[in-house]
Structures are given as C-alpha cells and as structure tokens.
1. Tell me which strands (runs of 3 or more DSSP E) are completely within region 3-118 and hold 1 or more residues being modelled with pLDDT under 90, of a type in the set (Asp, Glu) and surrounded by 12 or more Cβ atoms within 10 Å (Cβ to Cβ), or say none if there are none.
2. Please name all residue pairs, on different chains or six or more residues apart, with Cβ atoms under 9 Å, provided the first residue is in region 132-154 and is closer than 28 Å to residue 76 by Cα and the second residue is of a type in the set (A, V, I, L, M, F, W, C) and surrounded by fewer than 16 Cβ atoms within 10 Å (Cβ to Cβ).
Amino acid sequence: MTQFDDARPPDTGHGRERLLELTAIVKPDLVDPIRDALLQADIVGMTITEVKGYGRQRGHRELYLGSEYVTTFFPKVHIMVLLPESRAQTAVNILVDIVQQKLRAREQEKDARAKASKRASDYISPESLIGEGIVYIKEVLEAVRLRTNEHLVTGQQRRR
C-alpha cells in the first residue's frame, strides 16, 4: 500500500478487463500500414522506437565496391500498444495480415521477374523472407494515467 492509495479516483470501467501490452518488432516499412490498420480497428495509442537487431537470420554478408561486409544488426522498429484483453487477438491478426500481404506481394513481384528473365538467380528462397518480425503479448500489472491518476488496472486484478 502506498501513500497515494487513498487518493485514487473511482474506477472508470477500464479496470474491469485485463490490460495487455502488445509488443511487435518489425521492419520499418511496416509501421505506417500497422498504424493505419490499428486505428481503423479503433485500437489507439502506440509507442515506437527505432532499434537494431537480428533473429534467426543472424546477419548476412554483402559485397560493396568489391569488399565483403558482414551485417549483423538490421534496422527494426519496436512497437508497443496497451490494449484490453478483448482487443489483443484482433491486433495480432492485423499484424499477421499486414505481413502476409507484404510477403504475397513480394512473392508475386519476384515470380514476375523470374519468369521475365528465366535466370535461376531471380528465384527467391523461403529463407530470404526471414526477418519480417515478431509479436508477443505481456500482461500489465498496473497502469496509471499521470495527468488524472486514473488507474487502468486495479489492485484487485493484481491479486488474482
């Protein structure tokens, strides 16, 4: 119990449902489509951070002006959204759909190029699509709006 427990305003209804933090780490070109789709689904509020990292792809080698370079970290965007539990699956589905649409478009483009040139080097392997991102969800134990002292997750929920 803190010194501010008595100063809590009445519950506004937000605390009736578990609050979750959706975290996605995606390629930078996905941020705008994700933002637009979440807003269209009435999921508002997002924090993004530009980060670098790698997953299963573990970097790759590139040739530039005759020299070989090893790239280990790739530019990514860390997206964080707080949302009620009832909206979490909708948000995950939106992210998966956006990435799947991008992959289908890329495959169609590569297929068209490969048919046009008939070169084996134009074939895209499934491994080259690695690195599209990941999404995961965590439970938020407590969240308080700083301006209003509104508790979005109540202490009763934490004790479950």
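The values are calculated or read from the model by the stated rules, or taken from the named source; none is laboratory data. Please read all numbers here as calculations on a predicted model, not as lab measurements. Virtual Cβ from ideal backbone geometry, glycine too; neighbours counted across all protein chains shown.
1. Where strands (runs of 3 or more DSSP E) fall fully within region 3-118, none carries at least 1 residues being modelled with pLDDT under 90, of a type in the set (Asp, Glu) and surrounded by 12 or more Cβ atoms within 10 Å (Cβ to Cβ).
2. 132/103; 135/92; 135/96; 137/92
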